[in-house]
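Notes for the one structure printed next.
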Amino acid sequence: MLVICGELGYSASPNARQPSDFAEIIFAILGVAAKLERRRILERTARGQADAKEKGVKLGRKPTLTPHQQKEAPKRLEAGETQRSSQSTISRLTGWSNKQGISAIWDR
């Protein structure tokens, strides 16, 4: 790209001359082309996600906790466990990491 810029009138040196009119036109065209390509990528991505949803594909990360663990965490919260006791108790009883225990309980 630096070679092309040099040929069009741009240079990396501080004493560089101003870009020519031709160089400005080329960069304007490249900018418009990049903007159009970005728009097309966004449209294709949205269309692909919509098609996947229609097919019933679940998007996003898979849950780190099993369904049983997901049911157990709110029960412990309702039973009156504090966050600190929940961290250590749940981690010890279920084998989850502390981070999993915290997110399972407090993110609901």
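In order along region 23-40, phi translates into HN-Hα couplings of 5, 5, 5, 4, 5, 5, 5, 4, x, 5, 4, 5, 5, 5, 5, 4, 4, 5 Hz, rounded to whole numbers, per the Karplus curve 6.51 cos²θ - 1.76 cosθ + 1.60 with θ = phi - 60° and x for Gly and Pro. Between Thr66 and Leu42, the distance separating the two model label sites (each 7 Å from Cα on the Cα→Cβ line) works out to 4.4 nm.
Taken together, the values in this text are just the output of simple stated rules run on the coordinates, not laboratory data. Only a predicted model underlies this, so the values are computations on that prediction, with no experimental measurement involved. Cβ coordinates were reconstructed from backbone atoms using ideal geometry, including for glycine residues, and neighbour counts include every protein chain displayed.
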